[in-house]
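Data first, discussion second: the structure below is written as structure tokens.
Quick note: the coordinates plus some simple rules give every number you see, no bench work behind them. Computed from a predicted model, the values in this text were never measured in an experiment. Virtual Cβ from ideal backbone geometry, glycine too; neighbours counted across all protein chains shown.
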Amino acid sequence: MNFTQLRCFIKAVDNSSFTIAAERMNFSQSAVSKNIKDLENTIGVTLINRAHHRISLTDAGKYFYRVARNIVDDMDYTVAYLQSKKNDPETLLRIGVCDTPLEQKVLPIFLKKLRAAQSNLNIQFVFVLNNSIGELLNHHVDLCAIARDDVNVVDDVHFSPLIQGRVVLACPPNSRLAQRSRLLLDDLEKEELFLLDPNSSLNVQMNFQNELINRMGMEHIKFVQDFLAMNIYVKAGWGYGIIPNFIADNRADDITYVPIDYHEISPYGIVYMESFTNDSVLKEVITTLKLAINEYLNQNNK
């Protein structure tokens, strides 16, 4: 077994095609197929079902894919880190993010401030929406920007808050509720509402959602998997979305966010392992992120 075999297997699965995998790797299709077949022969199990020119994973393949992906990612991250240490004095730092609308606005400001301060940090962002704590515990990221609810059950991690959590209503700009400065629960009665699925890794508003459901029932409530799906429904005028304020893009032209009069929810911030001992790097990241968030919020209030 070797890394070429693992990469061929991962690339074929990611693209659901030997042909596309070969193109992406600059290999011939026969080379990709042979590497995967050699891998299966070495392990002694079939990883991929091959039928009707389409591929799918066997149960063993599904398990092996997760393991192989972690192995290859760990190696890639390690090589990138060692190369960065060899070629220049920069410190490679991997930050897990959820790619929310707010992060899409704040993170460029964060990077600009690091550049202006002539920081020696080389930042790599890693998308961790569905497995944020797992990526941190597996050392695929060094720090993670998430809500505190995600880390409450983990003992050996620390959390530094950046934004206090509030519940807001996502509205089409021309809708009736978009004209309000603040909303009560009574204002949401009989409105078509979209809530984050209870299994969502970003769902930090469970108490609010449960209270809303107990009050209104499910007749006018639908669940969506993530904030991207919710934004689509809201922009289409199908109803209103309820999300934490640290997901919202308050400078968007096509959605208006109105605060809901409800107590604070879990904050958004930076989480890191107890073993992360570089205090100066941690302080630099947290301080710069706070400055970036404040700049973004101040720009929005102008």
In the structure displayed, which of K11/K34; K105/K190; K34/K62; K11/K112; K11/K235 lie more than 23 Å apart, Cα to Cα? K105/K190; K11/K112; K11/K235
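Of all beta bridges DSSP finds with both residues in the chain, what is the antiparallel percent, to the nearest 5? Spell out each step's value before the answer.
Working: 24 of 40 bridges.
Antiparallel: roughly 60 percent of the beta bridges in the chain.
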Of N214, N245, N120, which has the largest mean-square fluctuation in a 10 Å C-alpha GNM of the chain? N214
Contact order normalised by length for the chain, with contacts defined as Cα pairs under 8 Å and 6 or more residues apart; what percent is it? 21 percent
Compute the angle between helix 29-43 and the longest alpha-carbon principal axis of the chain, please, reported from 0 to 90 degrees and rounded to the nearest 10. 90 degrees
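Pick out, in residue order, every one of the chymotrypsin sites (Phe, Trp or Tyr not before Pro) in the stretch 222-274 that is DSSP loop and has at most 15 other C-beta atoms within 10 Å; say none if there are none.
Values: sites: F223, F227, Y233, W238, Y240, F246, Y257, Y262, Y268, Y272; in loops: W238, F246, Y262.
Taking the stretch 222-274 and a limit of 15 other Cβ atoms within 10 Å, the loop chymotrypsin sites (Phe, Trp or Tyr not before Pro) found are W238.
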Can I get the semi-axes of the stretch 3-76's equivalent ellipsoid? Compute them from the C-alpha gyration tensor as square roots of 5 times the eigenvalues, in angstrom, largest first. 16, 15, 11
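As a test of understanding, state the convex hull volume per residue of the chain from its alpha carbons, in Å³.
Details: hull volume 54.4 nm³, N = 302.
Taking the convex hull of the Cα positions in the chain, it is 180 Å³ per residue.
Would you mind telling me the antiparallel percentage of the DSSP bridges in the stretch 1-150, rounded to 5? The partial results should precede the final answer.
Working: 4 of 13 bridges.
Antiparallel bridges: around 30 percent, rounded to the nearest 5.
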Counting GluC sites (Glu not before Pro) as exposed when in a DSSP loop with at most 12 other beta carbons within 10 Å, what is the longest stretch of the chain free of them? 1-188
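Given charges of +1 on the Cβ of Lys and Arg and -1 on the Cβ of Asp and Glu, with all other atoms neutral, how large is the dipole of the chain about its Cα centre, in debye to the nearest 20? Before the final figure, lay out the partial values.
Working: 30 positive and 36 negative charges, 182 e Å.
The dipole magnitude comes to about 880 debye.
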Simple spin-label model, 7 Å along Cα-to-Cβ: R180 to S56 in nm? 4.7 nm
To the nearest 0.05, what FRET efficiency results for T42 and A80 with a Förster distance of 25 Å applied to their C-beta separation? 0.40
Degrees between helix 279-301 axis and first principal axis of the chain (Cα, 0 to 90, nearest 10): 50 degrees
Note the angle between two axes, namely the Cα long axis of helix 101-116 and the longest principal axis of the Cα atoms of the chain, as a number of degrees from 0 to 90, rounded to the nearest 10. 70 degrees
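Over all directions, how big on average is the projection of the convex hull of the alpha-carbon atoms in the stretch 1-147, in square nanometres?
Working: hull surface 44.2 nm².
Hull-based average projected area comes out at 11.0 nm².
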Helix-only CD estimate at 222 nm, as mean residue ellipticity for the chain, using -39500 (n - 2.57) per DSSP H run (n ≥ 4): -14000 deg cm²/dmol
Roughly how many nanometres apart are two label points built 7 Å out from the Cα toward the Cβ at K222 and F3? 4.6 nm
To make sure I understand the rule: partners must be aspartates and glutamates, Cα under 20 Å from the Cα of K222, and not fewer than 8 residues away in the same chain. Which ones qualify? D186, D187, E189, E191, E192, D197, E211
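Using r as the Cβ-Cβ distance of L297 and R66, and R0 as 41 Å, what FRET efficiency do you calculate, to the nearest 0.05? Before the final figure, lay out the partial values.
Working: r = 39 Å, r/R0 = 0.94.
E(calc), rounded to 0.05, equals 0.60.
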